[in-house]
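Colleague: Take this structure first; my questions come after.
The values are calculated or read from the model by the stated rules, or taken from the named source; none is laboratory data. It should be emphasised that the depicted structure is a prediction, and the values quoted were computed from it without experimental measurement. When we count neighbours, we look across all protein chains shown, and the Cβ atoms used for this are built from the backbone with ideal geometry, even at glycine. In case anyone asks, the SASA skips ligands and DNA or RNA and just uses the protein heavy atoms, side chains included. Shrake-Rupley method; radii C 1.70, N 1.55, O 1.52, S 1.80 Å.
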Amino acid sequence: MLSRSIVLDTEHLDHVVRHFSRHGAFFFDIESIPPYRGIPAHNTVSWISLATYGMAVTIPMGHIKGDRIIGERVEMYETKTGKIRKRKIPVWSTAPEQLRPSQVFEALEPLLFSDREKGAHSLPMDVGSVAKYYGGKIPPPPYHDTYTSSVLLDENRLNGLKPRIKQLYKIAYDTEDTGRRVEAHSFRKVARYSYADSALGWLLYKHNDPLIDKQGLRDLFDMEMELLEEVIDMAAYGDPVDKAVLEELERELTAALVEHEARIYRAVGREFNLNSPPQKAQVFWGPKEQGGLGLKPVKLTDGGVKKKRRGEKLTITDWSTDADSLKKYKGHPAVDAMLDYQRDDKLKGTYVDALLHPDEDDCLIINGRVHARFNPMGARTGRWSSSSPNLQNIPVRTPQGKKIRSAFRAEDDYLELIADYGQIELVMLAHFIGYGALFDGFWKGIDPHTITAALVFALPPDEVKANRPDLRSIAKGLNFAIVYGAGPDTVAEMAEITVNEARKHMKKHRAEFPEVYAYKAHVIDTARRQKYPHTTTLLGRVRRMPELRSRDDEKRSAAERQLFNSKIQGSAADLIKLAMIRWRRNHPAGAHMTRTVHDEVGVHTPKHLVEESKAALLDAMVGPGIQKLVKVPLTVDIHAVERWSDAK
């Protein structure tokens, strides 16, 4: 059966295309190899599989390994320490003769560029990867991304293709993780894997599509599919980066890490492995008589939580030494030095090493650009995530974060347009409540942190705005606590006040903004009384929270915080996604959106199109077509700069 599903000649390929042409939808999947395996604009597609009604096939294009190991050879290699070593490399039989990519993609063009619905799992990778074989031209919609439809139908489960197939059909395929490195496996093993991806993906497509309608999610799903056109284009265009800035930052962070390491050892009195959680736990939480610092641990690791649930005895190493755990002891010289070390080590690994020295392939800066991967469904709230690199977690108010953002710059004769919504989550909160001080403040043009400070501290808004930034800082912490369900400890840390002061201000906030707390209680109570506990966002995204009915007070409280945050944050995500779609529909040719980070977008535009691009962004984000959805005025700040860091 498998042999008939492997396409190796043009006659078979023509038969496949004729069959697929008789149907209005198909599913496809690609396998790629180095260099740049995970970057659609630059990877090499070595297999493509397709499935539709009555047929599934896989098409190899240059797989080297055959099906048998026929010998071995010796290869010399250099270790990380610079030593030369020998290793034995298996020699494989020759793979069958295969079609060239040019032959395959020429034959598939009538399918890929038709009005047939194109399904794939994590579709931007597959569509983006084939576009390069058509001169960068992107196969058009309609699309059905089964990852997106799976998340919309239930965001709380594992929604990768293999987990979903196992859940639905009890089929566990690719248990050897063949798809991670197809070039390392035999021809027939990869053929089986590639074939299964599309054959089973087609079944998932047929399962999900009617459920989208049944659950009333079609409009939201269609919006997400239209958004993918912009996601694919962003990944293909890339984001111009100044490599020299990152190389300079690498030198600075390397020197800083050496300094932090020395500070830690001086404060602790001995050396240990700074990247070993068990050793760090022994140092910080261990008793002084055993060489530890004797600090009281704050929270358990994930493994510690599981041990506690099983009733097992906990040890020192079951307690976390992450930044949140250590922050309680800020001011202790060893803690301060470790926090500095962990911050800079994470920055170096995420934004320097990952770009300049990745584990696989070459430097991720290709022809002066980074092609980050954006996932519009990256968080359960519907908020974006990104990877290679993770642009969402660049520190905002630190010199290191500013240096990282300064590496993202406009090319010659271009500028960066950085546009971000003003206090979008508080806008969403005011919109949903529909009355009260926060709502009125937006209509009066008063910043929400200013109106909060004015009411909590009984001062005129103008006095707060002009002379009391310290009070705005406290108000910002209070507003953060409302949206994210944070406690007095977090408010105190954000505002640099005592916990008792934070509690007092939070009590006054509750008295001055009763409608906020009444609305929050209403959202949680309404969600809990549903057939399945859930809430919905501005555009109808569902956030399911079964733990709202938990008998465990800790779980139930956490679920309440997450639910309310999901409604507000998810609605803000809805708005930025809609704005990106509106930009795509009506932007000047030559200007390209390059990134989105939370409530902000970046656009790379020729200088002569700056004003036209600004106008298109302004209309996309706050024009009448989007403002009609929100009951308070939307605002956006747009900056034309040479480097991302210049905007903030």
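Colleague: Find out how many positive minus negative residues lie around Gln279, taking Lys and Arg as positive, Asp and Glu as negative, among other residues whose Cβ is under 13 Å from that of Gln279.
Modeller: For residues surrounding Gln279, the net value is +1.
Colleague: Further question: Please give the length that would be gained between Ser114 and Arg22 if that part of the chain were fully extended, namely 0.36 nm times their separation in residues minus their C-alpha to C-alpha distance (nm, one decimal).
Modeller: Extra length available between Ser114 and Arg22 comes to 31.9 nm.
Colleague: Okay, next question. What helices in the chain pass both tests, a Cα length along the helix axis of 27 Å or more and a mean Kyte hydropathy of 0.0 or higher, using whole DSSP H runs?
Modeller: Span-like helices in the chain: 218-237.
Colleague: Shifting gears a bit: Testing the spin-label approximation: label points 7 Å from Cα along Cα→Cβ at Glu312 and Asn586. State their distance in nm.
Modeller: A separation of 5.9 nm, rounded to one decimal place.
Colleague: Length gain on complete extension for the stretch Glu252 to Lys170, per 0.36 nm per residue less the alpha carbon to alpha carbon distance?
Modeller: Gain in length upon complete extension: 24.4 nm.
Colleague: Something else now. Taking H placed 1.01 Å from N in the peptide plane, check which residues at least 5 places from Leu538 or on another chain put their amide H under 5 Å from its amide H.
Modeller: Residues meeting the criterion, in which the H sits 1.01 Å from N, are Ser571.
Colleague: Residue separation times 0.36 nm, minus the C-alpha to C-alpha distance between Lys296 and Thr10: what's the value?
Modeller: Length gained, Lys296 through Thr10: 96.0 nm.
Colleague: Place a label point 7 angstrom from the Cα of Asp219 along the Cα-to-Cβ direction, then list the residues of segment 541-558 whose backbone nitrogen is under 16 Å away.
Modeller: Answer for segment 541-558: 541-542.
Colleague: Let me ask another. Run lengths n ≥ 4 of DSSP H only: what is the helix-derived mean residue ellipticity at 222 nm for the chain, with -39500 (n - 2.57) per run over all residues, to the nearest 500?
Modeller: -15000 deg cm²/dmol
Colleague: Over the chain, what percent of the accessible surface lies on carbon and sulfur atoms, probe 1.4 Å?
Modeller: Carbon and sulfur together cover 50 percent of it.
Colleague: Sticking with this one: With N set to the residue count of the chain, report its C-alpha Rg divided by 2.2 N^0.38 Å to two decimal places.
Modeller: On the way: Rg = 27.2 Å, N = 648, 2.2 N^0.38 = 25.8 Å.
Relative to the 2.2 N^0.38 Å estimate, the chain comes out at 1.06.
Colleague: Please list, in chain and number order, the residues 5+ apart from Thr44 or on another chain whose amide H is under 5 Å from its amide H, with Hs placed from the backbone.
Modeller: Distant-sequence amide H within range of Thr44: Ile33.
Colleague: Next question. Using modelled amide H (1.01 Å from N, peptide plane; none on Pro or chain starts), what sits under 5 Å from the amide H of Arg595, excluding residues fewer than 5 places away?
Modeller: Gly602
Colleague: Mind ordering 541-549, 363-371 by average Cβ neighbours within 10 Å, highest first?
Modeller: 541-549, 363-371
Colleague: Would you mind working out the accessible area per residue for the chain, using a 1.4 Å probe, and quoting it in Å²? Working shown, then result.
Modeller: Details: 30330 Å² over 648 residues.
For the chain, the per-residue accessible area is 47 Å².
Colleague: Evaluate Rg over Rh across segment 236-329, taking Cα atoms for both radii and Kirkwood's formula for Rh. Write out the running numbers ahead of the final one.
Modeller: Working: Rg = 18.1 Å, Rh = 15.8 Å.
Taking Rh as the inverse mean 1/r over Cα pairs, Rg/Rh reads 1.15.
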